[in-house]
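For reference, the structure is listed below as structure tokens.
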Amino acid sequence: MKPDITSREDIQVLIDRFYDKVKTDDVIGFIFNEVVKVNWPQHLPVMYDFWEGILLGNAVYRGNPMAKHIALDQKIALTPAHFDRWKTLFFETLDDLYEGTVATEARKRAESIAQLMMAKIDYRRQTRLTP
């Protein structure tokens, strides 16, 4: 039996392993490496904060991920396939490491986040195109 997510350290392991996959992924890696040119030492602690807030209830994240993804969509059109790949990599990493109530919640939240971001990006595209 695998452990559940119970601490920031667990979240750090999850996020580090997840982004190790993302960095080398054929579908979405280029977005992070070439389009955004992510500063990983700066980005990873932000992601730890984000997921710690969502999963453990510690309100340490300060930011607006929706605005960042809408801005990113203006550089490169984000597609459902991009979000599906993000989810696949996240779920694989999650399943490799953890199981339990919080791990299940992480899966639900990732699914919701991906759906919401794609919906808001689509809405933003439509409202920009409408005179």
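What whole-number distance in Å separates the alpha-carbon centres of region 77-115 and region 14-44?
Comparing the Cα centres of region 77-115 and region 14-44, I get a distance of 15 Å.
Counting only C-alpha contacts under 8 Å and six or more residues apart, can you give the relative contact order of the chain as a whole percent?
36
Bear in mind these aren't lab numbers, they're just calculated from the coordinates by the rules spelled out. Remember, predicted model here, so these are calculated numbers, not experimental data.
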